[in-house]
Amino acid sequence: MTNIVFLVSGNGGTLIFVYQAIKHLNLEAKVTKIIADRDCGAVSYAIKENIPQIILAKENFEENLITELGSANPDIIITNIHKILSQKIIKAFEGKFVNLHYSLLPAFGGLIGMKTIAEAKKQNCRFIGATVHRVNEFVDAGEILYQVSMPINWTTAIDIEDSIFKAASMILLAHIKDLILSSQKDTDEIIDLNNNKIYFSPSIQMDHIFLDNSFWLKIKHQ
């Protein structure tokens, strides 16, 4: 069983996707703990689903985080927390921290959430996307594991943030599946999402048919 821990600060969209996708696909993985730096939507969702969760105070945050992570014994730590993790924390669980960033890194590193999309529009980028990467001591600069991209026409495109969220969630799930199956891939793949052609590199090589409108509506209304 692959143990997953989430570090959270926000509404928990990625957490909800991963939790529901694991159940839907019967994956040999489990979200074992939610660790937050504040009361937030992700904590509320964890309570609703009976996922162990804790909110850490600012005082002794680093030491307490190391303790909580150690007790969870995670195989992967997904960092959706709005904090820069110290080198001490990263070294304590080296190779286990993974981040999902809504840009084609190294573009727009350091921005939080969908602020990357606003910046891409401001700069008239021709491609936008998302990146799953390992976390190191530098902000948004760790080894890139997966990327997804889509060409963009800012005057005609619709559902931009929705498309990026869905595609980003899918590459994070693909990485989790890689951990379960110990698989590696070097091919690319194109999938239609919201009538947009989305480029995945490497290929996610999964049956994405389950990601139909009913599934995404379920995620949205959790």
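The values are calculated or read from the model by the stated rules, or taken from the named source; none is laboratory data. Computed from a predicted model, the values in this text were never measured in an experiment. Positions of Cβ are backbone-derived with ideal geometry, glycine not excepted, and every protein chain shown enters the neighbour counts.
Restricting Met150, Met170 to those that are of a type outside the set (Gly, Ala, Ser), touching a His at 6+ places or on another chain (Cβ under 8 Å) and not in a loop (DSSP other than H, G, I, E, B) reduces the list to Met170.
In contact (Cβ under 8 Å) with a residue 24 or more places away in the chain, touching a helix residue (DSSP H, G or I) at 6+ places or on another chain (Cβ under 8 Å) and surrounded by fewer than 18 Cβ atoms within 10 Å (Cβ to Cβ): does that describe Met150? So Met150 does not fit the description; no. Being more than 19 Å from the chain's Cα centre (by Cα), within 30 Å of Ile84 (Cβ to Cβ), of a type outside the set (Ser, Thr, Tyr) and not in a helix (DSSP H, G or I) is a property that holds for Asn124.
Out of Asp186, Asp192, one residue alone is in a loop (DSSP other than H, G, I, E, B), over 19 Å from the mean Cα position of the chain (by Cα), more than 24 Å from Lys83 (Cα to Cα) and of a type in the set (D, E, K, R). It is Asp186.
Taking first residues from the stretch 116-135 that are closer than 12 Å to Ala157 by Cβ and partners that are of a type in the set (Val, Ile, Thr) and assigned to a strand (DSSP E or B), the Cβ contacts under 8 Å between residues at least 6 apart in sequence or on separate chains come to Ile117/Ile128; Ala120/Ile128. Are any residues in the stretch 77-115 under 28 Å from Asp39 (Cβ atoms), of a type in the set (A, V, I, L, M) and in contact (Cβ under 8 Å) with a residue 24 or more places away in the chain, and if so, which ones? If the condition is that a residue be under 28 Å from Asp39 (Cβ atoms), of a type in the set (A, V, I, L, M) and in contact (Cβ under 8 Å) with a residue 24 or more places away in the chain, then Ile77, Ile78, Ile81, Ile84, Leu85, Ile89, Ile90, Ala92, Val98, Leu100, Ile112, Met114 are the ones that fit.
Considering Ile89, Ile81, Ile34, which residue is under 18 Å from the mean Cα position of the chain (by Cα), modelled with pLDDT under 95 and crowded, with 20+ Cβ neighbours inside 10 Å? Explain how you work it out, then say what you get.
Values: Ile89 fails: under 18 Å from the mean Cα position of the chain (by Cα); Ile34 fails: modelled with pLDDT under 95.
Of the residues listed, the single one that is under 18 Å from the mean Cα position of the chain (by Cα), modelled with pLDDT under 95 and crowded, with 20+ Cβ neighbours inside 10 Å is Ile81.
Can you say whether Ile47 is touching a Lys or Arg at 6+ places or on another chain (Cβ under 8 Å), surrounded by fewer than 18 Cβ atoms within 10 Å (Cβ to Cβ), of a type in the set (A, V, I, L, M, F, W, C) and over 20 Å from Val132 (Cβ atoms), as far as the supplied structure shows? Spell out how you get there, then give the answer.
Values: touching a Lys or Arg at 6+ places or on another chain (Cβ under 8 Å): no; surrounded by fewer than 18 Cβ atoms within 10 Å (Cβ to Cβ): yes; of a type in the set (A, V, I, L, M, F, W, C): yes; over 20 Å from Val132 (Cβ atoms): yes.
Criteria not met by Ile47.
Looking only at residues of the stretch 11-30 that are surrounded by fewer than 20 Cβ atoms within 10 Å (Cβ to Cβ) and closer than 18 Å to Ala72 by Cα, we find that the one that is modelled with the highest pLDDT is Lys30.
Applying the set (1) under 29 Å from Ser182 (Cα atoms); (2) in contact with a strand residue (DSSP E or B) (Cβ under 9 Å, 6 or more places away or on another chain) to Ala120 leaves exactly one unmet item: (1).
What do you reckon, is Glu143 surrounded by fewer than 15 Cβ atoms within 10 Å (Cβ to Cβ), within 18 Å of the chain's Cα centre (by Cα) and under 18 Å from Lys96 (Cα atoms)? The answer is yes for Glu143.
Working only within the stretch 116-137, note down all residues that are crowded, with 19+ Cβ neighbours inside 10 Å and of a type in the set (A, V, I, L, M). Listed by number, the residues that qualify are Ile117, Ala120, Ile128, Ala130, Val132, Val135.
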